[in-house]
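Encoded as structure tokens, the structure appears first; notes follow it.
The values are calculated or read from the model by the stated rules, or taken from the named source; none is laboratory data. Bear in mind the structure is a predicted one, so any value in this text is a computation, not a measurement. Backbone-built Cβ (ideal geometry, glycine too); neighbour counts: all protein chains shown. For accessibility, only protein heavy atoms count, side chains too; no ligands or nucleic acids. Shrake-Rupley method; radii C 1.70, N 1.55, O 1.52, S 1.80 Å.
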Amino acid sequence: MVYRAVSDDELGALRALRSGEGVDELVWAIIYREGPLTRDGLLQRAHLERVELDCALARLVESGRVERTGEDAGATYSAASLYVLLGSPVGWEAAIFDHYQAMVKTILCRLREDRSAPGLADRVGGSTYTLDLWPGHPYEQRAYETLGRLRAQLVELREQVEAHNAAHETPDRYTQVVLYIGQCLIQQDIGGGDEG
């Protein structure tokens, strides 16, 4: 498997395939993770046509998902939060982009940090767990339900933090804690698939 940067032509082809679906969420994710950004900064990052970006920005600002500060070319866009609804048929690409950004930033932080610093293992890093399960396994259901439980706990924590932050002024210097969680199911067939 090989990973590489996507070319502008490939991004254009992907945009044509999706017919504008998910554009708002993608622009929102870029603004949330990399903002505040100017319109020109967004054009460079999102690889969208100006008209498409302007329409997305207008919808995002009108809905309150993104805040615009300033006027004309000097205006900047920022977002205090990012939500893509669970199971949404559109915008999941923005969630994947956000997960990817979180993972890359975690790796970069881990490479930059002094690994002997106290408490680092609890604050920066990642873990991957693989569980081999089959029908009737005593931990099958618990494993499948874990992602939902973790999401519920983190949604509650995020709501509490956001409520506190809305009532208190954010200092000039603060720490952004970024947590990403994913889960997938990969079917294995070591018997060659000859079962009846």
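Could you give the length gained on full extension between THR76 and GLU113, defined as 0.36 nm per residue of separation minus the Cα-Cα distance, in nm?
Residue separation times 0.36 nm, minus the Cα-Cα distance, leaves 10.2 nm.
Of SER88, THR69, VAL155, whose Cα points farthest to the positive end of the dipole of segment 44-196 (charges on the beta-carbon: +1 Lys, Arg; -1 Asp, Glu; origin at the Cα centre)?
THR69
In terms of the ratio Rg/(2.2 N^0.38 Å) built on C-alpha atoms, what value belongs to segment 47-196?
1.41
Using a 1.4 angstrom probe on the protein heavy atoms only, line up THR69, THR106, THR146, THR175 by accessible area, largest first.
Largest accessible area first, the residues go THR175, THR69, THR146, THR106.
Grab the beta carbon distance between GLN187 and TRP92, set R0 = 30 Å, and tell me the FRET efficiency rounded to 0.05.
0.90
Can you give the accessible area of LEU157, probe radius 1.4 Å, in Å² rounded to 10?
Accessible area of LEU157: about 90 Å².
What order, most packed first, do the peptides 21-29, 96-104, 123-131 have when packing is the mean number of other Cβ atoms within 10 Å of each residue?
Result, highest mean first: 21-29, 96-104, 123-131.
How many nm separate the modelled label positions at MET103 and ARG123, each set 7 Å beyond the Cα in the direction of the Cβ?
2.5 nm
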